[in-house]
1. Please give the FRET efficiency for Phe143 paired with Ser251, using the beta carbon to beta carbon distance and R0 = 51 Å, rounded to the nearest 0.05.
2. Indicate, rounded to the nearest 5 percent, the antiparallel portion of the DSSP beta bridges found entirely in the chain.
3. May I ask you to rank Val231, Val393 by accessible area, largest first, using a 1.4 Å probe over the protein chains only?
4. What Kirkwood radius, in Å to one decimal, follows from the Cα pairs of the stretch 71-138?
5. With no solvent and one equal point scatterer per Cα, compute the Debye intensity ratio I(q)/I(0) for the stretch 339-389 at 0.19, 0.23 Å⁻¹ and report its log10, rounded to two decimals.
6. Run through the stretch 125-184 and list the trypsin sites (Lys or Arg not before Pro) located in a DSSP loop whose Cβ has at most 12 other Cβ atoms within 10 Å.
7. Could you count how many Lys pairs in the stretch 126-250 have their Cα atoms under 20 Å apart, skipping same-chain pairs fewer than 8 positions apart?
8. Could you tell me which of rounded, prolate or oblate describes the stretch 38-88, using a ≥ b ≥ c as the square roots of the eigenvalues of the alpha-carbon gyration tensor, with rounded for a/c under 1.5 and, failing that, prolate when a/b is larger than b/c and oblate otherwise?
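The values are calculated or read from the model by the stated rules, or taken from the named source; none is laboratory data. This is a predicted model, so every value here is computed, not measured. Cβ placement follows ideal geometry from the backbone for every residue including glycine, while neighbour counts extend to all protein chains displayed. Just the protein is used for accessible areas: all its heavy atoms, side chains included, with ligands, DNA and RNA removed. Shrake-Rupley method; radii C 1.70, N 1.55, O 1.52, S 1.80 Å.
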Amino acid sequence: MKNNKKKFLVAGGGYADIPLILSAKKLGYYVITSGNRPDELGHKYSDEYRMADFSDPEAILNLAKNMKLSAICACCNDFSALSAAYTAEKLGLPGHDSYEVAKIIHYKDMYRRFAFEHGIAAPKAISFTNKKEAIDGIKSLSFPIIIKPGELTGGKGMSTVSKITDAEAAIEKALTISRMKKAVAEEFIFGSRHGFSAFLVDGHVVFFFSDNEHYYLNPYMVSAASTPGIVSPDVEKKLCTDSEKIASVLSLKTGIFHIQYILRGEEPIIIEICRRAPGDLYIRFVELATGIDYPLWIVKSSAGLDCSGLIHKTPTGFFTRHCVMSAETGKVKDIVFDKSIENQIIDKFMWWKRGDVVTDVMTTKFGIVFLKFQSQDEMMEKTERMQQLIKVVTE
């Protein structure tokens, strides 16, 4: 039987991409997933899996040509966002910024330069491609500093350095892991850490979602997020203004505009921006907290469909999205949920199996749990000790 459905590519297929895959199906598309790992959990939800490295723009372009796609959507990864923008530009597909604009947003050195030129609060930073350039450059910065690869997320290759004599190893680490062999050093910003997920329609913020970030053993990787964000309306207003300013200067297309920032006093300092769904089922978190079908709007915008119907809604209570992680290496024996939170779990997606081996406690996750609380105090108190309340038992 001939398939007459329009073809939609999600340039990835991890567990965090499942809401995007299901939303594209809901809109009537024939959904293809990609990536170079056939065992990724998202592939079983798509109509077809095609092996292609989503971090390689040419590979995704070739797949798109061969499949005669109608639309493409980035997965929850910056490289995918770049490949999707590149492919859309080459094939004239709607819903994406130009490749040049996508690079300014997603490459740390290019974004830092852009922010500086346009007066948008960001850490003072330098970029470098070799050790000498780095050592010379960081003399202009105030310590402590953070050194990170130019294009990787999730804390990969990052180090905090408090004096110049410790910088050499951190410089080597960042340059070694960077695909572009480019890295950034920036002044460390002290303050509380937050996310701000905005949705732009014709350059204006029509919806935003504010969160608090929580960290576990890895100081560079968010392990939980809670909402509402404990920030003032003035801070949210400033972030909306900054988002619209960037949208105006870069002529950004309709779609998600996700910010990670540090709140220093009442000033939000933007650390990262991306134009793709954040990972770890964040878009499901937004949906559970607000009732807004965030994955659907992201898919619609990626396909160039009308998004004028999206309206702003605030969270309907106090919510947390928690990544289940282990404190110790070993084999997973069980995951135990404390009785005090059993009735507060509103949804969960677990993929662990008994006997799974934990070698890296900094990045290994076993599931995502969503909870709803009675108050802000309860949300913050329980979220901060959630790794004890949902405990991975190893042997």
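1. On the way: r = 38 Å, r/R0 = 0.74.
Efficiency for this residue pair is about 0.85.
2. Details: 65 of 75 bridges.
In the chain, DSSP labels about 85 percent of beta bridges as antiparallel.
3. Details: Val231 25, Val393 50 Å².
In descending accessible area the options line up as Val393, Val231.
4. Details: mean 1/r = 0.0735 Å⁻¹.
Result for the stretch 71-138, one decimal place: 13.6 Å.
5. Rounded to two decimals, the profile gives -0.77, -0.99.
6. On the way: sites: Lys131, Lys132, Lys139, Lys156, Lys163, Lys173, Arg179, Lys181, Lys182; in loops: Lys139, Lys156, Lys163, Arg179, Lys181, Lys182.
Sites meeting the loop and neighbour criteria: Lys139, Lys163, Arg179.
7. Counting lysine pairs in the stretch 126-250 gives 28.
8. Numbers: a/c = 1.69, a/b = 1.25, b/c = 1.35.
Note, shape of the stretch 38-88 comes out oblate.
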